[in-house]
Each structure stands twice: as C-alpha cells, then as structure tokens.
Amino acid sequence: MKNSSIQVENLTVNYDCTPVLWGLNFEIPTGQLVGIIGPNGAGKSTLLKTLLGLITPITGSIDFMGKTLKDFSGLVAYVPQRESVDWDFPISVIELVIMGCYAQLGLFKQPGKAEKKKALALLERVEMQNFADRQIDQLSGGQQQRVFFARSLMQEAQVYFLDEPFSGIDKKTEDILFRLLQELKNEGKSIFVVHHDLTNIQKYFDWVVMLNMSLIAVGEVKTVFNEKNLQKTFGKGFAILEEVAKLSQKKNEGIAP
C-alpha cells in the first residue's frame, strides 16, 4: 500500500507463554481515524502497547511510514487509559501539558516562555485554559482526559495512539475530543483509538481493526463493520451488545423506556 501510516507483519505477542495476539498482518493508509475494537481480553490495549514499543513481540515487524519505531519514535504520541495514570501525583495542569515537549527539548534544555505559551494555547483548544494552575487531582475525569490529550498535542506527532479516550467521560469532553481528532485527521495525521462503544463506530472512524486475539477484519468502516464480522469478533456476546446498542440509540433519541 502506498503512503501507509503503519504496516504490521506476522505480529505475535505472548504473556507468560500464553498467546495474546497471534499472527497479525495489516496495513493502514495515512490520514485515517482508526478504531480498534474487540471483546474484553481480545488484545486491543496489548496491540497499542506493542506498536508503541512498550511490549516486545515474539515474532513480527512494525513499520511507521517505512521506518522502524526507533527511527520514528519522536513522531508518535500516546494517551493511555485514565485508570493507568497516577492522578495523585503532585503536578499542575500546565506542568503536565508542558511535559509533552520534553522529548523535543532533549536532556539539557528546560522549557521556557515559548513552551508555556504553546501549552496555554493547547489548553484553550481543549477548553481547560482556566484550570492551568489547578492540580490534576482536583479535576473531573473528563477534564483530566482533556488535559492528557493536550499533552499529546504538545508533542506535534504524526501518529497518535489513544486507549479508550471516550470511556467514562462527560458529553462536553466527548464532543471536544471528537472535534480535535477530526482536526488532526484533516491535518494528515493518523490516529488509532481503542474503543468499546459500537454505537458510534460509524460516526467516529474511517477504518476499523476488529480483534479477538487474531485479526478478524481490517478496512474501511463502511466495508468491514458488518454483522458477519461482528459475530466473528464478539461471538455469543454480540447479541447482548446489539441489544445494548439499540437501547443506547433509543435513549439518545429520547424514546428509551
């Protein structure tokens, strides 16, 4: 594929000799908003961490725009699950966002006025500029997610990885994040999002990776996000998910019981 953002070949990952991901092969074009979906334990977060180099696979290769992660690492940003972050760490909102530029500055250069100005501008984009001096443990879950997203924007990456960014957040935060993800895509960035809510896959994403330890399907949402592939991905649990999706849709339309 010409102009691919990421190419994965024969990727297999084990935990304690137990396979978590098995023989994955896929390629995604640049400038796409990609959803990664599958049941609990399917390996979604493991895939993200492996692509980031946080987990070493037992087989396989990963290329970013024709380069290895080592050569491309400065152009990759990561927003982890909120539950994995120590929000009690004593740091202010502005300090957390500025941390996103440390890799660009290098070991011996300290952030200055220019970096602070940039961080404040990014906080304004996520509508958190009035909280710049607030400690992060004083924020709501949605506000924390917005601040961490601003930190990722500070990195000026080409590829963004987000692990369940829409989980447990308020509607305002959801709308802000979705708008910013669309803006990144329009700038030619590639975004990979682990996602669990099947009701908005078609709204949010251009491409989808469907996982259940092995690769079930990958491609444009309009092509591969169908009942056949959902059955293969979620198995018997798909019927329950389908009912939940219907109830959620009715609730959004104001007609739920």
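Every read-out reported here was derived from the displayed coordinates using simple, explicitly stated rules and does not represent laboratory data. Owing to the predicted nature of the structure, the values given are computational and were not obtained by experimental measurement. Because the Cβ atoms are built from the backbone with ideal geometry, glycine has one as well, and the counts that use them run over all protein chains shown.
Residues whose amide H falls under 5 Å from that of VAL20, counting only those 5 or more places apart or on a different chain, are VAL13, ASN14, TYR15, with hydrogens built in the peptide plane. Under 5 Å from the amide H of TYR78 lie the amide H atoms of PHE161, each residue being 5 or more positions distant or on a separate chain, with H modelled from the backbone and absent for Pro and chain starts.
Once Rg and the Kirkwood radius are both taken over the C-alpha atoms of the range 23-167, their ratio Rg/Rh works out to 0.98.
For ASN40 and GLU95, a Förster radius of 35 Å and the Cβ-Cβ distance give a FRET efficiency of 0.55, rounded to the nearest 0.05. Between TRP87 and THR30, the simple label model (points 7 Å from Cα in the Cβ direction) yields a spacing of 3.7 nm. Taking every alpha-carbon pair in the chain and binning the separations at 5 Å intervals from zero gives 1, 6, 12, 16, 18, 16, 14, 9, 5, 2, 1, 0, 0 percent.
Tell me what the chain gives for mean residue ellipticity at 222 nm when only DSSP H runs of n ≥ 4 count, each as -39,500 (n - 2.57), the sum divided by the residue total, rounded to 500 deg cm²/dmol. It lands at -10500 deg cm²/dmol.
In this structure the amide hydrogen of VAL209, modeled in the peptide plane, comes within under 5 Å of the amide hydrogens of GLY35, ILE36, ILE37, none closer than 5 places in sequence on its chain. The modelled label-to-label distance for the pair ALA103/THR223, using points 7 Å beyond Cα in the direction of Cβ, is 3.0 nm. Straightening the chain between SER167 and GLU124 buys 13.3 nm, computed as 0.36 nm per residue apart minus the Cα-Cα spacing.
The equivalent ellipsoid of the range 147-218 has semi-axes of 20, 16, 12 Å, largest first, where each one is the square root of 5 times an eigenvalue of the Cα gyration tensor. Ranked by how many other Cβ atoms sit within 10 Å of their own Cβ, fewest first, the residues ASP163, ASP16, ASP206 fall in the order ASP16, ASP206, ASP163. Does the range 47-109 come out rounded, prolate or oblate, given a ≥ b ≥ c as the square roots of the eigenvalues of its C-alpha gyration tensor, rounded meaning a/c under 1.5 and, failing that, prolate meaning a/b above b/c? Taking the square roots of the gyration eigenvalues as a ≥ b ≥ c, the range 47-109 is oblate.
One chain, two ends: SER61 and GLU183. Fully extended at 0.36 nm per residue, the span grows by 40.9 nm beyond their Cα-Cα distance.
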